[in-house]
Amino acid sequence: MRKPTLAVSLMLAVSAHAATASPCDRAGLLAKFSEAPALGAAPEFPAKLETQLKRFVLFDSPLAMDGYKYNGLVDMGGTRAWIVRFGGIAGAVEWFGPVPVEPAKFVGCPDSPATKRPHDSSASGGQIKS
């Protein structure tokens, strides 16, 4: 008799947490990978755009056979996102995008450690690398 009550309590707790948790639509952005155009190099971002870019881990599994990891980079003040694929056997870094997104779906994504870097004082902007 106690098991059904415990199971129901756990389901309610999980659903309540999911309802109050900030959104992070990693799967939605990763699904857009197939439609994202490949870029020859990292895109150039103006300095003012760099302050509103949110970078987070999309997929990083030690069980991935090809060894690739994926990061997302979302313009939180616009409607664009980029995908960075890196790693693999040769240690490549490839950029894809931009793809259209709704920034509100990525508010709760934890920042990737790669975003923590000193700000550049040049007004011309620069490249963001993995």
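The values are calculated or read from the model by the stated rules, or taken from the named source; none is laboratory data. From a predicted model like this one, the values you see are computed outputs, not experimental measurements. Please note: Cβ atoms are built from the backbone with ideal geometry, for glycine as well, and neighbour counts cover all protein chains shown. Note: areas computed on protein heavy atoms with side chains; ligands, DNA, RNA excluded. Shrake-Rupley method; radii C 1.70, N 1.55, O 1.52, S 1.80 Å.
Observations on the structure shown:
- Of all residues in the stretch 76-93, those being surrounded by fewer than 19 Cβ atoms within 10 Å (Cβ to Cβ), modelled with pLDDT under 95 and either basic (K, R) or assigned to a strand (DSSP E or B) (or both) number 4.
- Within the stretch 94-115, if we keep just the residues that are small (G, A, S) and not in a loop (DSSP other than H, G, I, E, B), the residue that is surrounded by the most Cβ atoms within 10 Å (Cβ to Cβ) turns out to be G97.
- Yes/no for A19 being within 18 Å of the chain's Cα centre (by Cα), modelled with pLDDT under 85 and open to solvent by 20 Å² or more (accessible area, probe 1.4 Å): no
- Sub-7 Å Cβ pairs linking a first residue in the stretch 83-101 that is farther than 16 Å from D60 by Cα to a second residue that is open to solvent by 30 Å² or more (accessible area, probe 1.4 Å) and among the hydroxyl-bearing types (S, T, Y), at least 6 apart or interchain, are P100/T79; V101/T79, ordered by first then second residue.
- Top-ranked residue in the stretch 46-75 [being surrounded by 14 or more Cβ atoms within 10 Å (Cβ to Cβ) and of a type in the set (A, V, I, L, M); ranked as farthest from the chain's Cα centre (by Cα)]: A47
- Taking residues in the stretch 43-54 that are farther than 16 Å from F106 by Cβ, and partners anywhere that are part of a strand (DSSP E or B), the pairs with Cβ atoms closer than 7 Å and at least 6 places apart or on different chains are P43/W82; P43/W95; E44/Q127; F45/L53.
- Consider the stretch 22-40 and keep the residues that are assigned to a loop (DSSP other than H, G, I, E, B) and open to solvent by 60 Å² or more (accessible area, probe 1.4 Å). The one that is modelled with the highest pLDDT is P37.
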